[in-house]
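Below: the structure, in structure tokens.
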Amino acid sequence: MAALSGQVVTPAGLMAAELVIEDGLIATVRPAERAGPNFILPGFVDLHCHGGGGADVMEGAEAVRHVAKLHAEHGTTAFLATTMTAPLEDIEMALVGVSQVVGSPVAGTADVLGVHLEGPFISRDRLGAQPDFVLGADIRLMQRLCELVSIRVVTLAAEADPDGSLADYLKGHGIRVQLGHSSCDYETAAARFRSNIDGATHLYNAMTPLHHRAPGLVGAALAHLDYAEMIPDLVHVHPGALQVALRAIPSVYAVTDASAAAGMPDGDYRLGRQRVRKCQNSVRLPDGTLAGSCLTMLDAFRNLVALGLSIEEASRRTAAIPADYLGLSDRGQIAAGRRADLVMLDPDLRLIDVIISGKPKSAAA
């Protein structure tokens, strides 16, 4: 592919431009007088994804590849394979499976950046849809898990790591640490955010809520964090609460928390060892508890635009901010020298094509 033109989302804003692509990279971004009406965005980066297309990352390498294919079809060009709280043998098997995919991308599929370890260091009081295989903080265990695959993000509860030693270890090894699945109070969360915690996992969900006399983990996140992830499927979080987070946290970003049900018809699917049911726009356990989502990053982007965000701002929160949070300098923005990972949309935000390392997915299909 030599060149693309359209309404391009660049770090300087939306502009009519032409992109010259060479060897999978963006060689040049130059203004164009006659660019078409279609939008060209940086490929979406999802830092919390459990599955899609009927596959769950806990099932091993082939499942991870299937998830990478499904989400690429919806504009995700890079993601973190996200594990569940589970028996250790299940977690270790999943990490080995992811390790077989990291660094070995298949044409037309999203790049697997590593792992988001969600549990087992969480609270039994805030399991959400996580099964009860909870463990207390264990640095030796964490060292062993890190030897299996590149772990980039860890979700833990403050009460599972009361002295902060695990968070300190993770931070010292360049791993992002997030509070989630936790019943800690405002004071505890605020202190941890000031010391060794970087963000919050699926803000508002599976954590102590905001009350004006007990602000909880949510209140601490809104008051103190620069980064937090949230699920903008309009089911996990009310649109008004999304607006609160967008105003309060400078770099709040979208994730899917997608389960195997993403991209699939209504029916029964797997989430770790559990069976879940997709019905319309939600995925739930038999007792009605939300169990991940069926969201794609394309729909997350569209929902942010529907909330009133500009194309540029919605793109920033689905690509540039998550890439920056993970310290990725090669993707997340459309600029010379970056990977040519792109999403092309028509003026009605319908998907035209996804380009991964300069190659249109439509050509790889």
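Here the range 1-41 is the region considered, the condition is being more than 20 Å from Ser310 (Cβ to Cβ) and among the polar types (S, T, N, Q), and the residue that is surrounded by the most Cβ atoms within 10 Å (Cβ to Cβ) is Ser5. Residues in the range 91-110: is at least one within 15 Å of the chain's Cα centre (by Cα) and closer than 16 Å to Gly332 by Cβ? Checked the range 91-110: at least one residue is within 15 Å of the chain's Cα centre (by Cα) and closer than 16 Å to Gly332 by Cβ.
Only one entry of Gly332, Gly337 meets the criterion of being at positive phi, of a type outside the set (Asp, Glu) and crowded, with 17+ Cβ neighbours inside 10 Å, and that entry is Gly332. Is it the case that some residue within the range 131-147 is crowded, with 23+ Cβ neighbours inside 10 Å, outside any helix (DSSP H, G or I) and modelled with pLDDT of 95 or more? No, the range 131-147 has no match at all. Restricting attention to the range 151-175, which residues are surrounded by fewer than 17 Cβ atoms within 10 Å (Cβ to Cβ) and either outside any helix (DSSP H, G or I) or touching a Lys or Arg at 6+ places or on another chain (Cβ under 7 Å) (or both)? Those that are surrounded by fewer than 17 Cβ atoms within 10 Å (Cβ to Cβ) and either outside any helix (DSSP H, G or I) or touching a Lys or Arg at 6+ places or on another chain (Cβ under 7 Å) (or both): Pro162, Asp163, His173, Gly174. Keeping to the range 189-222, report how many residues are within 18 Å of Pro322 (Cβ to Cβ), outside any loop (DSSP other than H, G, I, E, B) and of a type in the set (A, V, I, L, M). Of the residues in that region, 2 qualify.
For the range 44-60, the criterion of being without any contact (Cβ under 8 Å) to a residue 60 or more places away in the chain, more than 21 Å from Met264 (Cα to Cα) and hydrophobic (A, V, I, L, M, F, W, C) is satisfied by no residue at all. Of everything in the range 329-365 that is at pLDDT below 95 and aliphatic (A, V, I, L, M), the residue that is nearest to Gly6 (Cα to Cα) is Ala363.
Of all residues in the range 145-158, those satisfying the criterion of being over 22 Å from Tyr227 (Cβ atoms) and in contact (Cβ under 8 Å) with a residue 40 or more places away in the chain are Leu145, Leu148, Val149.
The values are calculated or read from the model by the stated rules, or taken from the named source; none is laboratory data. These numbers were taken from a predicted model, which means no experiment stands behind them. Positions of Cβ are backbone-derived with ideal geometry, glycine not excepted, and every protein chain shown enters the neighbour counts.
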